[in-house]
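**Q** Shown below is the structure under consideration.
The values are calculated or read from the model by the stated rules, or taken from the named source; none is laboratory data. Because the structure is predicted, anything quoted here is derived from the model rather than measured. Heads up, the Cβs are rebuilt from the backbone with ideal geometry, glycines too, and the neighbour counts pull from every protein chain shown. We work out accessible area using only protein heavy atoms, side chains counted, and drop any ligands, DNA or RNA first. Shrake-Rupley method; radii C 1.70, N 1.55, O 1.52, S 1.80 Å.
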Amino acid sequence: MPELIDILDENGIKTGAIASREEIHQKGLWHRCIVVAILNDQNEILLQQRAHNKHKNPDKWDISAAGHISAGQDSLSAAAREINEEVSVNLAKRIDISDFRYMFCYRHEQVIDENYIDRQFYDFFILRQPDLHLENITMQTSEVQAVKFCAMSELRTLIETGGIVQRDAVYAALEDYIYKI
């Protein structure tokens, strides 16, 4: 069964219509996604390396979790779902919804090719998980080929070399957050 997603207008307001993920990208329809940065007790950021077979940004490093919000789903539920799917960190018993810090929403538009157009509103969250260790993470291999924690200095290098998915607003806010706490 295809993943169904709420269609938004250019201001991020739900139109009342839904479409499959495939149709959303083929037609370049506006929709909402989440981005979550997970930080450990050393203020290191959990990064995932996107699978080699991904259509968009294959083999690049990316933020801890990112993904589409399903039709009728809220951003926080989608954030928890994506974390569990991509990096298999079961949050259900260890975390409260108040542990997610909502940072902001940003709008992103990008044409990947004639059959894949991104028109997305991203809700960005930070989640602190002080007891999280790499050995406790199981990757969804269809989505993720590696995970690691990195310091802000390494993240800056990945940004400068183009080795990470471009999310400039997220990385700037994340740096401000880390250095102001």
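**Q** State the volume of the convex hull built on the alpha-carbon positions of the stretch 58-151, expressed per residue in Å³ and rounded to an integer.
**A** Cα-based convex hull of the stretch 58-151, divided per residue, equals 134 Å³.
**Q** Return the sequence-ordered ³J(HN,Hα) values of the stretch 153-161 in whole Hz as given by the Karplus equation 6.51 cos²θ - 1.76 cosθ + 1.60 applied to θ = phi - 60°, using x for Gly and Pro.
**A** My calculation for the stretch 153-161 gives 5, 5, 4, 4, 4, 4, 5, 5, 8 Hz in order.
**Q** Let me ask something else. For every other residue with a beta carbon closer than 15 angstrom to the beta carbon of Gly162, add +1 if it is Lys or Arg and -1 if Asp or Glu, then tell me the sum.
**A** Overall, the nearby charge balance is 0.
**Q** Where the Cα atoms of the chain are projected onto their three principal axes, how long is each span, largest first, in whole Å?
**A** Between the extreme Cα coordinates on each principal axis of the chain lie 43, 36, 32 Å.
**Q** Okay, next question. If you plug each phi of the stretch 130-136 into the Karplus form 6.51 cos²θ - 1.76 cosθ + 1.60 with θ = phi - 60°, what whole-Hz ³J(HN,Hα) values come out, in order, with x for Gly and Pro?
**A** x, 9, 7, 10, 4, 5, 8
**Q** Beta carbons within 10 angstrom, averaged per residue: use that to sort the peptides 163-173, 97-107, highest first.
**A** Order by mean packing, descending: 163-173, 97-107.
**Q** Kindly provide log₁₀ I(q)/I(0) values, in the same order as q = 0.11, 0.14, 0.17, 0.19 Å⁻¹, from the Debye equation applied to equal alpha-carbon scatterers of the stretch 1-84.
**A** The Cα Debye sum returns log10 ratios of -0.35, -0.56, -0.79, -0.94.
**Q** Separate question: At 1.4 Å probe size, what's the solvent-accessible area of Ile18? Round to the nearest 10 Å².
**A** For Ile18, the solvent-accessible surface is approximately 90 Å².
**Q** Count of lysine pairs in the chain with Cα atoms under 24 Å apart, counting only pairs 8 or more residues apart in sequence or on different chains?
**A** Here the count comes out as 8.
**Q** Could you give the size of the charge dipole of the chain about its Cα centre, using +1 on the Cβ of each K and R and -1 on the Cβ of each D and E, expressed in debye and rounded to the nearest 20?
**A** Using only the charged Cβ atoms, the result is roughly 140 debye.
**Q** Oh, and also: Given a 1.4 Å probe, how much area per residue of the chain is accessible, in Å²?
**A** 51
**Q** Share of antiparallel DSSP beta bridges in the stretch 1-159, in percent to the nearest 5?
**A** About 75 percent, rounded to the nearest 5.
**Q** Could you list which residues have their amide H under 5 Å from that of Leu47, counting only those 5 or more apart in sequence or on another chain, with H placed in the peptide plane?
**A** Correct list: Lys148, Phe149, Cys150.
**Q** Let me ask something additional. Given Cβ point charges of +1 (Lys, Arg) and -1 (Asp, Glu) and nothing else, what value in debye, to the nearest 20, does the dipole of the stretch 1-79 about its Cα centre take?
**A** Working: 8 positive and 11 negative charges, 44 e Å.
Dipole of the stretch 1-79, to the nearest 20 debye: 220 debye.
**Q** Now, a different point. Percent of accessible area on the chain owned by carbon and sulfur, 1.4 Å probe?
**A** Details: 4360 of 9190 Å².
The computed percentage sits at 47.
**Q** So if I restrict to the alpha-carbon atoms in the stretch 112-159, what is the Rg, and what is Dmax, the biggest pairwise distance, in Å?
**A** 15.2, 44
**Q** Each residue of the stretch 15-29 in turn: what ³J(HN,Hα) in whole Hz from Karplus with 6.51, -1.76, 1.60 and θ = phi - 60°, glycine and Pro shown as x?
**A** Computed from phi, the couplings for the stretch 15-29 are 8, x, 9, 10, 8, 6, 4, 4, 5, 3, 7, 5, 8, x, 7 Hz.
**Q** Okay, moving on. Quick one: compute a quarter of the convex hull surface over the Cα atoms of the stretch 139-181 and quote it in nm². Let's see the in-between values first.
**A** Working: hull surface 14.8 nm².
Mean orientational projected area (the stretch 139-181, Cα hull): 3.7 nm².
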